[in-house]
Structure formats: C-alpha cells, structure tokens
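Worksheet for the structure shown next.
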Amino acid sequence: MYNEGDKEDIPKNQKSKRNFSIGKIYMEIWKIRWVLFLFISFSVIYSSISYLRYLSFSENVYDLGVNASLAYNVIYGQTFLGQVISGGVATNKLIYIPIGLVYALFPKEYFLLFIQDFFLSFSGVVIYLIAREVLKSKKFALLISLIFYLYYPLSGVFWFDFHYMAFFPTFFLLGVYYYIRRDTSKWLIFLSLASITDLMSPVIVFLFLAIMVMQRWISSGKFNIMKYELSEAIFAIIIFILPSIYYLKFYPSHYIGINLNPGIYGNVWFKAEFFVRIMLPFLFIPLLGIEFLILLLPYGLLLFTNSYLPYESQMFFQYPSLYVSTLFIAFIFGLRRFIKISGKRFNIRKLLVIILILNIILFYLFTPIGNLIPAQQNDHPQEEYVVGSSTILYSTYEKIIPTKADGYLMSFINNIPHGSSVLIAGNLPELEQGYMPVCLNSNFNTTIPDYIITDPYSYFFTSPVATGIHVNNSPIIKINYLLNNFNYKLTYFYKGVALYQLNSVLSPVIYGYLNENSSSVIQKDKGISYYNVGLIAPGCYNLTLKGLSGKNNLSLLSLNKEISVIGKGNDFIKIRSNSYFRNIKIYLSLDSITVIKQELELKQYSANSR
C-alpha cells in the first residue's frame, strides 16, 4: 500500500485527470457493468425479501423497531441537546444520525431495510474495485465479487432485520480502496464513517492503520506515520471511549457481556472451530494475507468472552458485518501472494472457479434464498455442525408470504393514533416509531396501555418479548391479564387478530370469525376424548361433535376457569372464553362412544372481549 516515499495527497496533475466528462463517466460505468448488474440484482432480491418479511410481520421489535425509532427521533424526536441531556444518544453507533437525516425523507420502517440492503450490496462493487486494483485482473475481480455475494454468512446480515453495524463493511471497504488509491480525503471520510457504525468498528479501523504503518516500517526500516493516519487513529480512539464517558461506565464490558458459562456455547474448541468455518469457503487462502487477519481480534474477543449463540454461529444475525470485509481483504492480498509464490504453475482462474462452486453449494445449503428450495425447508442435522447451528431458523417461505390475517393486522395498526401507548409483541416493530410501546414486566407493574393489538399466529405471541427468567413475559399472558382486569373493548377483529381499546365506546368491526375442525384422540378412560385446537380468542363458540347418533350426555371437562359453558344440546356445547389460548386440548365426555372416529367443529359466533 503506502510506501515511504509516497505523498500524503494526490498530486494536482493526478487530481486533474479525475475531472471526468459525462462521456468518461459513462465509459467507467460500462467497464464495471457486470458487477453493477450483480449489485442491482442482489439489492432488488434482498430488498424484496425484506419488504415481504415486513408485510408478513417477521421482523423484530428489538432490531428493526428500536433502530427505526432511533433514526426517526433524529428529526422528529426531541432536540439533539435534549437527547444528550436525557441520555438518548446512542454513542456506540453514531452512524444513526446521518442515516436518520436520510430516513426523515420517508420515515417508513421498510425504507431503512432498503437503505441497508442497498449499502450492503454495494460492498460487492467495492470488493471488485479493490481486487481489480490489487490483482490487476478484471476477470479475477468479477469472480471475487460474485463469491462475495454468495458468501453465506453475509446472508444473515441481509436477513435479520436492520442494524447499523451492517453499514460497516461498505464504509470500511471504501476506506481501504481509497487508501490503496492514495486518495487521502476520501479514505479519511469513509474510515471515519466506518468507525461510528458499532463499538468494535473503531478498533478495527485503528488496527488497520496500525498494520499499514507497521508494513512501511518493516519494508523501509524507518518508522513513519503520516499526520492523516495519526488523526484518524486518534478519532478512532475517541469514538471507542466516547460511550464510556457518556454513560459513565466502562461500556466495552457491558457490550461484550463477559460470560464464561460451561457447555457447548462455552466450549473453547467449538469457538476456535468458528474461524475454520468462516475461512473454509475461501479454501483458507486468507491465511496467506495473515497480517490482515489481525483485524479479526475484536470479533475474537466477542467470541471467546461470551456464550451468546449468534457470536458463535456464522450464519445468523448481523455479526458477520464485523469480519466479512476483513476476510475478503485478506483473501485478495493472500491470493496476490499465492500468485507470486506459484508463478504460472497454477491456474488461478480454475482455483477461483472451484471456490465459486463451493460457495454456490454453501449458499444453497445455508442461506434464506437457498432455504426456499423445497428440499431445504427442513432441518439437516448432517449440515448443522458445519455452520454451528440449525438452518431451520430461516424458514424462508413461511416468513415471506403475507397472509390475509397479516393484511388485516397492518390495517388495524394504521387505525392506532400516533402517540398512543400500545402493548407490543416481538414481531411488531411498526409500533415503536411514533408510539409509546409498552412491555409489561413480570409483575404487570407498569403503565396500562391505551391499546392492545394481537397477532396470535406469530411465534412471538407465546414467546417472551425479551429474555428473562419469568414465563409470564410472553405477550399472550400479558394480553389475557389486561383483558380480564381492565375495561378493554374490541374495536377490530379478524379470526383472532384483534385491536382492543381501553374504555372504547365504538362498536366492534368484525371481518371474520374463527372456524376450525379437529379429529378426536380417544383416552383410556371410557367416554373421554380430547381435541387439539390451534387457537381460541375471546368470544363465544359452538362446539359441535360430528359423527354422533342417538342421545348423548355431552359435557366439557374444563381445565381453565376462563372457559365456561353457556349452553348445550345433544351434539353441541356453547362456550365463552375470556382469554386467548394457543394449541389447547379440549376434553369432552360422552356416556358412550357410538362411532370409531369423531370430529369436533369449533365455530365462533361472537368476538366480544367479555
């Protein structure tokens, strides 16, 4: 990169050559048309997937919701001085401020997803530019860029909602590219932007600058650090310590969350294998660019001092953002070193094609797009060891197909006035920005929200909004508590999806009732059978037992006081439920069983809250 005799700025005559005309700009774009095609294609593909996940309510409150609210408040929240005083500035990811300025133009959560997918996809273009500059081959550069887009850990960054950390690879790679090009003003800007994307980002930038200085020292035998490198290093240090000053605590320890619990997630050898897994797609060529692998030290610190699963699995969440750019820089420079070592004895194009084929296979096996293939929609235990986790967590198909219930849920959300307090679940990031989201604690000791909105078909409905030791952190328990203890009235309803308002005087609007059939499971006790019912929402139901003949003394063996019998006949029972139930067993008793197989029809006819 920089040599001892290099000037810190580009000579004026060199700058003048960069004053392109429109025609020259077009020619430059034409030269990289194929990588731009890849960039646009992957941007569109992942943006489409992100939007479908948004419409399907598969995004997360603590990822998209919180981060969107942070960007939204840059313009629409309290003044910046007010945020500073109240402790509302996220000093560990200050990139949210410039992103918030752009977001203010169209403050919809899915717009943030589009911005992230666009920026992250553009990293492939920068990889091409770096590879072309270092390897002096457009064909090699294009192959490496395609490998970048197919590198399966990167898919986790695209898939798992929105994170400011995801902007690090693009800014950092641009900084490296312009550093190679000796364009000081540009690398200063991009490395500075990279430094403010995450707490660990300035450490990586600082280490990169240290490596560049050490390379010059080793090659020339004379220590020399340029003033711009020194200023950028000082800036990185300031950014790193700023959260500790602002929050008045040693923030890195809070961020890392040191936790050396025993077990598989605390297994040192399992953690060490992580580095084997992330370099396997390169056939370990990054080891030849070993000086750049020093940039993996910050991530290694996260990995070995924590038992948090996403740090140890290279295919999930946003954390590959911290190492993917490092690996490709090491890969490119390692490949250049390999070419020098092997000379003409080895066909580099064939090597890159082999690596490309390997990445295509891994892309098929371990990415959301690959998970769309029918054969990939189930778990594959033989593959799980390779990635350190189960691939079923993607479940791509079911998470990108909006249902009719999802459409009604979105319309119900749009009927909640901005500024209202709303009880939220983990899959409702739409209710963070511009609202006052409420998460009841385990003792229900908090503000009572103005609205309750339910999505009983979501995984999050019966799962904790945040991790904790209390089972009653799950939304279904909170919702049932509020519906049975406060004056919430139903305003909108569609097959269990509902909007309740405190002290509402409006008549409910019903778009559809629940209707479900269930086959019986005969118990050992004479005359008793049970039926698995997927969902019961507050309201009244007819339970009709089909396949009966003669006179029957049909009765409900209620296991919950919130379900009561309000009427019965020869083959039916009318019940009222005051609460939500998921995957419940309904037990029925008969004097005698007159048929081998019975079927229970559960049909809702009223959806009043109480």
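If we sort 571-577, 125-131, 221-227, 325-331 on the protection proxy, mean other Cβ atoms within 10 Å, highest first, what's the order? Present the calculation step by step, with values, prior to reporting the outcome.
Working: 571-577: 18.4, 125-131: 25.0, 221-227: 11.0, 325-331: 27.0.
The peptides rank, most packed first, as 325-331, 125-131, 571-577, 221-227.
Using modelled backbone amide H atoms (1.01 Å from N, in-plane), which distant-in-sequence or interchain residues come within less than 5 Å of Y151's amide H?
HN-HN under 5 Å from Y151: empty list.
I'd like the accessible area for R336: 1.4 Å probe, protein heavy atoms, all chains in place, Å² to the nearest 10.
90 Å²
What are the residues whose amide H is under 5 Å from the amide H of S504, where those residues sit 5 or more places off or on another chain and H is modelled from the backbone?
When sequence neighbours closer than 5 places are left aside, the close amide H contacts are K489.
For segment 326-343, just list the computed ³J(HN,Hα) in residue order, Karplus coefficients 6.51, -1.76 and 1.60, θ = phi - 60°, integers in Hz, with x standing in for Gly and Pro.
4, 5, 6, 5, 5, 5, 5, 6, x, 5, 4, 5, 5, 4, 5, 5, 7, x
Just to make sure I understand: if all protein chains stay in place, what is the order of H418, H163 by accessible area at 1.4 Å, largest first? Before the final figure, lay out the partial values.
Working: H418 125, H163 15 Å².
Ranking H418, H163 by accessible area, largest first, yields H418, H163.
Using 17 Å as the cut-off for backbone N distance, which residues of segment 209-241 belong to the label zone defined by a point 7 Å from the Cα of I189 along Cα→Cβ?
232
Spelling out what I want: for every residue of segment 104-111, take phi, set θ = phi - 60°, compute 6.51 cos²θ - 1.76 cosθ + 1.60 (Karplus), and round to whole Hz; glycine and proline get x.
My calculation for segment 104-111 gives 4, 5, 8, x, 10, 4, 5, 5 Hz in order.
Note down the nm distance, to one decimal, between modelled labels 7 Å out along Cα→Cβ at I401 and at F270.
Label-label distance for I401 and F270, simple model: 3.4 nm.
Residues with amide H under 5 Å of Q598's amide H, sequence separation 5 or more or different chain, H placed in the peptide plane at 1.01 Å from N; which?
When sequence neighbours closer than 5 places are left aside, the close amide H contacts are S520.
Cβ neighbours within 10 Å, averaged per peptide: list 403-411, 175-183 in order, most packed at the top. Intermediate results must be reported in sequence, preceding the final value.
Values: 403-411: 17.2, 175-183: 20.9.
Descending packing order for the listed peptides: 175-183, 403-411.
Expected output is a single nm value to one decimal: the length gained when fully extending between Y587 and N484, i.e. 0.36 nm times separation in residues minus the C-alpha distance. What is it?
34.7 nm
What ranking of T170, T305 comes out by heavy-atom accessible area, probe 1.4 Å, highest first? Show your work: numbers first, answer last.
On the way: T170 0, T305 30 Å².
Ranking T170, T305 by accessible area, largest first, yields T305, T170.
For S420 and I180, compute 0.36 nm times the residue count separating them, minus their Cα-Cα distance, and round to one decimal in nm. Each step should come with its number before you reach the end.
Details: separation 240, 0.36 × 240 = 86.40 nm, distance 5.18 nm.
My answer for the length gained is 81.2 nm.
What figure in square angstrom, to the nearest 10, would you give for the accessible area of I239 with a 1.4 Å probe?
20 Å²
Once the Cβ-Cβ distance between K136 and Y62 is put in as r, and R0 is 51 Å, what FRET efficiency do you end up with, to the nearest 0.05?
Details: r = 46 Å, r/R0 = 0.89.
Between K136 and Y62 the formula returns 0.65.
For F250, F346, F363, F304, give the ranking by accessible area with the largest first, probe 1.4 Å.
If we order F250, F346, F363, F304 from most to least accessible, we get F250, F346, F304, F363.
Using θ = phi - 60° and the Karplus curve 6.51 cos²θ - 1.76 cosθ + 1.60, what whole-Hz ³J(HN,Hα) does each residue of segment 494-502 get, with Gly and Pro shown as x?
With coefficients 6.51, -1.76 and 1.60, one gets 8, 6, x, 6, 8, 10, 10, 10, 5 Hz.
The values are calculated or read from the model by the stated rules, or taken from the named source; none is laboratory data. What you see is a predicted model; the values in this text were computed from it and never measured. Every residue, glycine as well, gets a Cβ built from its backbone with ideal geometry; the counts of neighbours run over all protein chains shown. Quick note on the areas: whole protein, heavy atoms, side chains included, nothing else; ligands and nucleic acids left out. Shrake-Rupley method; radii C 1.70, N 1.55, O 1.52, S 1.80 Å.
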